[in-house]
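Novice: After the C-alpha cells below, expect a handful of questions from me.
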Amino acid sequence: MAAKRILITGGPGSGKTALIKHLEKQGHSVQHEISREITLQAQKDGIAQLFLENPILFSQKLLEERLEQFKAAESCSKSILFYDRGVADVTAYLDFLKVHYPPHFTDECNANRYDVVFVLPPWEKIYVTDNERYESYEQAETIYRHLRKGYEKYGYALIEVPVGTVQERTEFILNKLNHIL
C-alpha cells in the first residue's frame, strides 16, 4: 500500500524547505524540492535562469522529476511521505508567468493526487533571495496566490500553516494529520 502523500507548498521563501528538513530529522520520509537542481544544471550549461528563458522546457523537466517523486510513495516504508512542492506547482508557476502550457501538464495534475495539501503563506520576516530564488517578495506573494488558486482548481481543500517557528509549524501539521488520517 502506498504511503499517504502529504504536500507542503507555498510561495518562494515561506519556510517549506526548513520545515521538510525538520520533518526529516524527526524521522519522517520526505521528498525534497528539486527545482534548484534543474536551475543549477542549466546554469552549468550557460543558461542563467532556465525558468525565465524557456519556461516550458524548465517546467517539463520539473514535471517529470516531480512525477518520479510522486511515485516514491508506492515504495515508501513509512505510512506518510512529505513532499516539498508538488505536481500542480508547475502549472501554478506557469500561470504566474501567463505562459500557455500543453494539456498534458493539466492531465498530470489531475491524475496524480496528494492526500493532504498544506500551504505556507508569504512571510516577509524570513524572505531572502539567492542564486536560484530571484523573485521579489511582492512576486512571492503573487506566486502564493497562484498556488492557492491552482490547487483549488484541481479540487484540493488547502490547509494553511500559520507562521511560527519550525517546531510550531511541524506540530501544527502533525496534529492536523492525526485528525485527518
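Novice: Taking amide H atoms as placed 1.01 Å from N in the peptide plane, list the residues 5 or more away in sequence, or in a different chain, whose amide H sits under 5 Å from that of GLN31.
Specialist: Placed amide hydrogens put PHE82, TYR83, ASP84 under 5 Å from GLN31.
Novice: Separate question: Give me VAL119, VAL99 ranked fewest to most by other Cβ atoms within 10 Å of their Cβ, as a rough exposure proxy.
Specialist: VAL99, VAL119
Novice: In deg cm²/dmol, rounded to 500, what helix-only [θ] at 222 nm does the chain give when every DSSP H run of at least 4 residues adds -39500 (n - 2.57) and the total is split over its residues?
Specialist: -16000 deg cm²/dmol
Novice: How big is the chain in terms of Cα radius of gyration and Dmax, in angstroms?
Specialist: Rg, Dmax (Cα atoms, Å): 15.6, 48.
Novice: Roughly how many Å is it from the Cα centre of region 158-177 to that of region 74-109, as a whole number?
Specialist: That distance is 21 Å.
Novice: Given R₀ = 41 Å, FRET efficiency for GLN26-LEU97 by Cβ-Cβ distance, to 0.05?
Specialist: After rounding, the FRET efficiency stands at 0.70.
Novice: Identify all lysines with a Cα-Cα distance to LYS4 below 29 Å; exclude those on the same chain that are fewer than 8 residues away in sequence.
Specialist: In chain and number order, the partners are LYS16, LYS21, LYS25, LYS61, LYS71, LYS78, LYS149, LYS153, LYS176.
Novice: Check every DSSP H run in the chain and write down those whose alpha carbon atoms cover 20 angstrom or more along the long axis and whose mean Kyte-Doolittle hydropathy is -0.5 or greater.
Specialist: 55-71, 166-180
Novice: Can you put TYR144, TYR137 in order of Cβ neighbours within 10 angstrom, beginning with the fewest? Walk me through the intermediate numbers first.
Specialist: Details: TYR144 22, TYR137 15.
In increasing order of surrounding Cβ atoms, one gets TYR137, TYR144.
Novice: Another question about this same structure. Can you give the extra length, in nm with one decimal, that the chain gains between SER136 and ARG113 once fully stretched, where that is 0.36 nm per residue apart less the Cα-Cα distance?
Specialist: Full extension of this stretch gives 5.3 nm more.
No value in this document is a laboratory result; all are computed from the given coordinates. Just so we're clear, the structure is a prediction, and the values are computed from it rather than from any experiment. All Cβ positions, glycine included, derive from the backbone under ideal geometry; neighbour counts span all protein chains shown.
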